[in-house]
Every structure is written in structure tokens, then in C-alpha cells.
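Just so it is clear, none of the values below were taken in a lab; they were calculated from the coordinates. As the structure is a prediction and not an experimental result, all values here were calculated from the model. In this analysis, Cβ positions are derived from the backbone assuming ideal geometry, glycine residues included, and neighbour counts consider all displayed protein chains.
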Amino acid sequence: MATMTPELSVVIPMFNEQDVLPLLVERLRPTLESIGATYEVVAVDDGSKDQTPVLLQRFKREWPQLRVIRLRANAGHQAAISAGLAAARGQWMVTIDADLQDPPEVIADMVKAGREGADVVYGVRTDRTTDTAFKRQTARAFYLLMRRLSGIDAPPDAGDFRLMSRATVEAVNALPEHNRVLRLVVPTLGFPSATVGYRREERAAGESKYPLSKMLKLTLDSITGFSQAPLRLATWFGLVGFVVAAVMLAYALGMKLFGGQVLQGWTSIVAIVAAFAALQLLCLGILGEYIGRIFVAQQDRPSYYVAYDSLNDNS
Ligand code: UDP
Ligand code: MG
């Protein structure tokens, strides 16, 4: 590989993508070649357990611009992108999914918009009819929620298909934060940005590597990373509970002292105890989420472990 730093780095996280890899190479390579910039492709193998690493080595032999970084264990989509961004050397960097849902041809438009003066160029899905209804609805709810909770002006329908200048990536790399959600972090950095619309395509092969559990993790990371609203919510619950309790106490005492009649009220007591127990557990859970985040931050362990970087083989 050339020792000169490339103009463009294309960072591709991949987890068990053996089915899609040949199709990706076939489509990505001519596209990048036609842009006419020097480039490197940083394939981040996120601890795949299938033939992905073997195939990558094979493709690398005949594609000198392909660089392979393998993570020792599955670190997750966001961490894999972070690993790629930390290692990439380009003046511009694009992050793109491996499954061809983000059409590589759009990279040319992004580079153009970047050269016209934007530091960040978001790929915005103008048409996501190829995503399942469930995916679209949950994504919509996600952006709405994050906008409400944090006031972050992340372009809706922008995922992690995005071009960033070297300066932007350096700002991202400098963040000490663990469990970063890049699509929310990048807009907060305040670099001049532009958007490029594209049609979200169908996954070219294989299955989604984003089960519900990973979607939930991303959502929790997003909320606890960018908003204290849930903590406040716990405070409000407490205040409302206090008022309700005070009214009930006054009523009960009044009945006892002046009404002369002691209430039966077993059902209502059980209901109230159960409701407040549930609320308390919820608030404890909310606290726990934030304390967990503090815990992870103070441990300061790396979010990923690099097994090897092919750049070190033949530099
Ligand atoms: N991915 C990854 N690590 C993971 C899960 C996903 O690197 O733990 C990669 C995956 O290979 C793909 C991208 O992240 O390149 C987006 O994943 P996917 O297409 O499965 O998500 P979806 O499009 O279904 O949301
Ligand atoms: Mg996909």
C-alpha cells in the first residue's frame, strides 16, 4: 500500500457479511476508481464468525487499496465505525454499511459537496420504502424522541452513511465518550454541513445484523448519552407521588378523627402500594442506566480491541 495518505478513506463496518462481500467489492471498486481521488478502503471486520475475514484477505490480494482491520470480538456497529475512523488516514472519510443499502455511487456526490465547502455531508434517505414498516416506524420514533429529549438537530432519516472531513473525524476521535452514537455526536460538533439525498436500497444479501436487542441498546445509549430528561422525570414522579400521598393522608386522618368511620379499602391500598413499588423500580432503573454509564466511563476500557490491521503487514 502506498505510504502517501489517501484523499479518501471509506470505512465499512462488517459483521458476518460473507454473503454480501463479493457484491460489495464488485460495486464499490469501480465507483471509487471513477471518482479520481486516491483512496483506501478500511474494512472493519467486527469479530465476524463466518468467512468474512477469509474473503477479505482474498480480496485484499488483488485490491491494494483494501485495508483490513479485524476486531477481536464483536464490538457493535458504532464501535466498529469508531475503530475505522481512528485508523483511517484520508483527508475525507466516508462511513458506509457493507450491505449495499447505502449506494456507493452516492459517495461521488458527497465528495463533491465536501469540496464545495461542507465538513460533514449527511446521506439522507429520501425514500426508505425498501426498509420494513417496523424499521421505518421505529426509526421515526427514535429521531422524534431524540429531538424532543436533547434538542439535537440531527437530520432525520440520516443514518451512518456520511462524509466527514479530517478535522471532523479528529474532533470525533478526541471525544473520550464510550458508547458513542455517531449520528447524534457529529451534528453537535457544529461543523458546516450539507446533505445528499439517496434512495435506501434493499440489503443485497444476507440478513440484518441489527436485532431488536442491538436497536434497544442504541436507543438507550442515545437517550442516556444526550439527555437528562429521564432523571428529571423520576423527580417529577416523586413530586406528584408526594402530593397524592399528602392528600390521601389528610383524607384518611380526617375520616379517622372526624368521620368516625374507618375505611375498608384493602383493594385500594394494594393497588397504591403496587403502583408506587413499580414507579420506584422504574426510577431506580433510570438511575441505574446513568450510573452504569458513569461506571463504564470511569473504567475507561477501550470500546474495541484490534486483532490486526493489514496496514502493518506491508508498510
Ligand atoms: N454491523 C457491525 N457490527 C454489528 C452489527 C452490524 O459492524 O455488531 C455492520 C453490518 O455488517 C452492516 C452495518 O453494520 O455493515 C449495518 O448493519 P445492518 O445492515 O445489519 O443493519 P440494518 O440495515 O438492518 O439496520
Ligand atoms: Mg443494512
Inset, instruction - Quick one: Met93 ticks every box in (1) crowded, with 18+ Cβ neighbours inside 10 Å; (2) of a type in the set (A, V, I, L, M, F, W, C); (3) closer than 16 Å to Glu202 by Cβ except a single one, so which number is it? - result: (3)
Legend entry - region 247-283, residues that are within 27 Å of Gly225 (Cα to Cα) and surrounded by 12 or more Cβ atoms within 10 Å (Cβ to Cβ): Leu279, Gln280, Leu282, Cys283
Inset, instruction - Report yes if Ala98 is within 15 Å of ligand 2 (Cβ to nearest atom), surrounded by 20 or more Cβ atoms within 10 Å (Cβ to Cβ), within 20 Å of the chain's Cα centre (by Cα) and of a type outside the set (Val, Ile, Thr), otherwise no. - result: yes
Inset, instruction - Note down all Cβ pairs under 9 Å where the first residue falls in region 183-207 and is over 26 Å from Met14 (Cα atoms), the second is surrounded by fewer than 15 Cβ atoms within 10 Å (Cβ to Cβ) and among the β-branched types (Val, Ile, Thr), and they're at least six residues apart or on different chains. - result: none
Inset, instruction - With respect to Tyr290, determine if the residue is farther than 30 Å from Ser227 by Cα and part of a helix (DSSP H, G or I). - result: no
Inset, instruction - Please find, within region 1-26, the residue that is surrounded by the most Cβ atoms within 10 Å (Cβ to Cβ) out of those that are closer than 16 Å to Thr95 by Cα and away from ligand 1 (no atom under 14 Å from the Cβ). - result: Ser9
Legend entry - In region 88-113, the residues that are within 16 Å of Ile35 (Cα to Cα), among the acidic types (Asp, Glu) and not in a helix (DSSP H, G or I): Glu105
Legend entry - Filter result (assigned to a helix (DSSP H, G or I) and surrounded by fewer than 19 Cβ atoms within 10 Å (Cβ to Cβ)) within region 153-181: Arg166, Ala167, Glu170, Ala171, Asn173
Inset, instruction - Please determine, by comparing only the residues of region 43-95 that are more than 15 Å from ligand 1 (Cβ to nearest atom) and among the basic types (Lys, Arg), which one is farthest from the chain's Cα centre (by Cα). - result: Arg61
Inset, instruction - Please identify the pairs in which a residue from region 60-74 that is more than 16 Å from Ala87 (Cα to Cα) has its Cβ atom under 7 Å from the Cβ atom of a residue that is of a type in the set (D, E, K, R), counting only partners at least 6 apart or on another chain. - result: Trp63/Arg29; Asn74/Asp46
